[in-house]
Amino acid sequence: MVTVAEVKATLPETPRERNERLSDELEEACTAFGVYHGEIDWLSFSTKLYRDGHLVGFVGCNHQSWYARPRQYGVNQVADNARDVIASLGVRTAVAA
């Protein structure tokens, strides 16, 4: 006999679970770089990143990978995780004071 928990464990994550996981990953990466993000567009999971009140660039995640670009329009840089894609914008890791 198979339990509900066993069946649920084999199912892929729901869109909400994926958004929560990606949001947590983005939050951790932003903290490491000392940047913060604006309101997240959950449909395409995209947001603007800021440091000291200045726009750093745009970061998002689609069904394939994380992406970033320094301006609203332009070529996307892609990476496997939020930390690498933020670094692709030329942002260095924040140094503790």
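The values are calculated or read from the model by the stated rules, or taken from the named source; none is laboratory data. Since this is a predicted model, take the numbers as computed values, not measurements. Surface accessibility is based on the protein's heavy atoms, side chains included, excluding ligands, DNA and RNA. Shrake-Rupley method; radii C 1.70, N 1.55, O 1.52, S 1.80 Å.
Quick notes on this structure:
- Wholly enclosed helices (runs of 4 or more DSSP H) of the chain bearing at least 2 residues open to solvent by 90 Å² or more (accessible area, probe 1.4 Å): 4-10, 15-33
- Failed criterion for Arg18 (all others in (1) at negative phi; (2) under 10 Å from the mean Cα position of the chain (by Cα) hold): (2)
Condition check ((1) modelled with pLDDT under 90; (2) under 12 Å from the mean Cα position of the chain (by Cα)) across all residues:
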site: Ile40; (1), (2): yes, yes
site: His54; (1), (2): no, no
site: Asn62; (1), (2): yes, yes
site: Val75; (1), (2): yes, no
site: Arg92; (1), (2): yes, no
site: Ala97; (1), (2): yes, no
